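**Q** My structure is below; once you've seen it, I'll send some questions.
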């Protein structure tokens, strides 16, 4: 009987730790330098060094941009896995029809993953 209880506790602990580690793998915060002001998913970002929290669920991502300890934007994007390896985090831009810059993609060095945005 004691063996069953010990096995049940060990199994429950293993399941709980697995769930916690899976959640940690889905959410990460990285430093991203935005060299030029631009719009990301309809939200304007000034240039600067941001802490970007990226929460993913399948192919959907939610990014929270923090500048000077303040949340300045929360946007949704699509997860894209590239075969290329990136040595640093990168911000890609495009020019909108009105001539303003739009952030279209953020590439993360680790893991080699990108988040794309609709404008």
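**Q** What does the extension gain come out to for residue 112 and residue 76, with contour length at 0.36 nm per residue minus their alpha carbon separation?
**A** 11.1 nm
**Q** Using only C-alpha atoms and all pairs of different ones, pull out the Kirkwood radius for the range 28-116 in Å with one decimal.
**A** In the range 28-116 this quantity evaluates to 13.1 Å.
**Q** A follow-up question, please. Could you grab the relative contact order for the range 28-116? Cα pairs under 8 Å, six or more apart, rounded to a whole percent.
**A** 25
Every read-out reported here was derived from the displayed coordinates using simple, explicitly stated rules and does not represent laboratory data. Quantities reported herein were computed from a predicted structural model and do not represent experimental measurements.
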